[in-house]
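The values are calculated or read from the model by the stated rules, or taken from the named source; none is laboratory data. The shown structure was predicted, so the numbers you read here are calculated from the model rather than taken from an experiment. Cβ placement follows ideal geometry from the backbone for every residue including glycine, while neighbour counts extend to all protein chains displayed.
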Amino acid sequence: MGAVLSGFLVIWLIIGVGWIIGRFGVLGSDARVVLSRVAFFVASPCLLFVTISDSSMSQVLGPQFLIAAIGALTTLGVYILLGRLVLLKGRSGSDLMIGGMSGSLVNAANLGFPIAAYVLGDIALAAPIIMFQLAVYTPIYVTALDLLGRDQGGTSRVRPHPRTSTLRSLAQSAVNPMILGALLGLIFSWQDWHFPGPVQESIEIVAGASIPLMLLAFGLALVGSHPLDKRADRRRDVLLATALKLILHPLLAWLLAEVLFGLDGPEVLAAVVLAALPSAQNVLVAAVRYQAGEVIARDTVLLTTIAAIPVVVLVAVLLG
């Protein structure tokens, strides 16, 4: 329990520094974008490479990968089903897709690495869920939003043929720097390769900047947020996505890890904690790109980021 609270304290202190920097404009208006891009394109791929290359392939592509996949896609389906039939009648397909993504796509990059490092004690535990989201989930939701935008006569300027859209999504994922870092790490792990000492040390130093950069950037993103604005008329969407993200998704992970795969205590804890992570900021990026569900994505990211703390602490108390 003390280790969990200590881990969260470290994380939120750094996020707090980011918020202060953003509140007083110390680094200028583009600081969040710059820090996020450095983390995404440089430091995080290095961290993924270092982490995965030092891990076995079965650890990255084993049961935790399948738990992440089944749990996320099931939660997405439940949101769309409940939204369409019961709670959110009249919403567009794109809004339902964004809401479902908000309830199932975890912030594995910004918070997954720090949580794995400071709460679970092993950065490698975040690799399977990141691999699933980048290699599998991203092409699925990008293609779905492309198709929904066309069917609904949306405002997206780019409306390629479905086959072109799918191929483009796969190509974009293939050259994603996070995917490249992960795949390179898998190859080095499989072949037991190593870079020469100075090169390896340089990569490890850059990798060490990933977690601080991501946490600072997230703190910057919290400046000026106003969740659950009544005028936006999306409170039910946000609350449903938040409930599924913090209750259903972790519960599914526990059932899959404990019952279906029969994992031991630490592995069950890791699966449930990672499933309980807040919604990913990638959802908001997609919402802006497809001009759908922006309020849902923004508010769910903020609410789940705040509420995930007691949820993960509770999970650690019950399973740790």
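If only one of Leu61, Leu35, Leu111 is surrounded by fewer than 18 Cβ atoms within 10 Å (Cβ to Cβ), at negative phi and not β-branched (Val, Ile, Thr), which one is it?
Leu61
Among the residues of the stretch 305-314, count how many are surrounded by fewer than 24 Cβ atoms within 10 Å (Cβ to Cβ) and in contact with a Pro (Cβ under 6 Å, 6 or more places away or on another chain). Reasoning before the result, please.
Of all residues in the stretch 305-314, those surrounded by fewer than 24 Cβ atoms within 10 Å (Cβ to Cβ) come to 305-307, 309-311, 313-314.
Filter once more, so that each one left must be in contact with a Pro (Cβ under 6 Å, 6 or more places away or on another chain): 305.
Number satisfying all stated conditions: 1.
Can you confirm whether Asp30 is touching a residue at least 60 places away in the same chain (Cβ under 8 Å) and acidic (Asp, Glu)?
No; evaluated as a whole, the condition is false for this residue.
Look through the stretch 198-248, keep the residues that are charged (D, E, K, R) and assigned to a helix (DSSP H, G or I), and return whichever of them is farthest from Ala280 (Cα to Cα).
Glu201
In contact (Cβ under 8 Å) with a residue 12 or more places away in the chain, crowded, with 24+ Cβ neighbours inside 10 Å, small (Gly, Ala, Ser) and more than 20 Å from Gly83 (Cα to Cα): does that describe Ala207?
Working: in contact (Cβ under 8 Å) with a residue 12 or more places away in the chain: yes; crowded, with 24+ Cβ neighbours inside 10 Å: no; small (Gly, Ala, Ser): yes; more than 20 Å from Gly83 (Cα to Cα): yes.
For Ala207, the condition - in contact (Cβ under 8 Å) with a residue 12 or more places away in the chain, crowded, with 24+ Cβ neighbours inside 10 Å, small (Gly, Ala, Ser) and more than 20 Å from Gly83 (Cα to Cα) - is not met.
Looking at the stretch 249-267 only, could you name the residues that are assigned to a helix (DSSP H, G or I) and among the aliphatic types (A, V, I, L, M)?
Leu251, Leu252, Ala253, Leu255, Leu256, Ala257, Val259, Leu260 - these are the residues of the stretch 249-267 that are assigned to a helix (DSSP H, G or I) and among the aliphatic types (A, V, I, L, M).
For the stretch 283-304, state whether one or more residues are surrounded by 24 or more Cβ atoms within 10 Å (Cβ to Cβ) and not in a helix (DSSP H, G or I).
Checked against the condition, which is being surrounded by 24 or more Cβ atoms within 10 Å (Cβ to Cβ) and not in a helix (DSSP H, G or I), the stretch 283-304 yields at least one hit.
Those residues that are at pLDDT 75 or above and either buried (at least 19 other Cβ atoms within 10 Å of the Cβ) or aromatic (Phe, Trp, Tyr) (or both), I need them from the stretch 145-161; list them, please.
Within the stretch 145-161, Leu145, Asp146, Leu148 qualify.
Hey, can you tell me all the residues within the stretch 210-239 that are surrounded by 16 or more Cβ atoms within 10 Å (Cβ to Cβ), of a type outside the set (Phe, Trp, Tyr) and touching a Gly at 6+ places or on another chain (Cβ under 7 Å)?
Step one: list which residues in the stretch 210-239 are surrounded by 16 or more Cβ atoms within 10 Å (Cβ to Cβ), which gives 210-222, 227, 232, 234, 237-238.
Filter once more, keeping what is of a type outside the set (Phe, Trp, Tyr): 210-217, 219-222, 227, 232, 234, 237-238.
Leu215, Leu216, Ala217, Gly219, Leu220, Asp237 - these are the residues of the stretch 210-239 that are surrounded by 16 or more Cβ atoms within 10 Å (Cβ to Cβ), of a type outside the set (Phe, Trp, Tyr) and touching a Gly at 6+ places or on another chain (Cβ under 7 Å).
List the helices (runs of 4 or more DSSP H) that sit entirely inside the stretch 45-110 and contain at least 1 residues that are within 15 Å of Val238 (Cα to Cα), under 17 Å from the mean Cα position of the chain (by Cα) and at pLDDT 90 or above.
Details: elements: 57-60, 63-82, 93-102.
It comes to 63-82, 93-102.
How many residues are within 25 Å of Ile15 (Cβ to Cβ) and not aliphatic (A, V, I, L, M) when one looks only at the stretch 187-233?
11
How about the stretch 270-282: which of its residues are in a helix (DSSP H, G or I) and crowded, with 24+ Cβ neighbours inside 10 Å?
Of everything in the stretch 270-282, those that are in a helix (DSSP H, G or I) and crowded, with 24+ Cβ neighbours inside 10 Å turn out to be Ala270, Ala271, Val272, Val273, Leu274, Ala275.
Return yes when Leu9 is under 19 Å from Leu274 (Cα atoms) and free of Cβ contacts under 8 Å to residues at least 60 places away in the same chain and no when it is not.
Yes.
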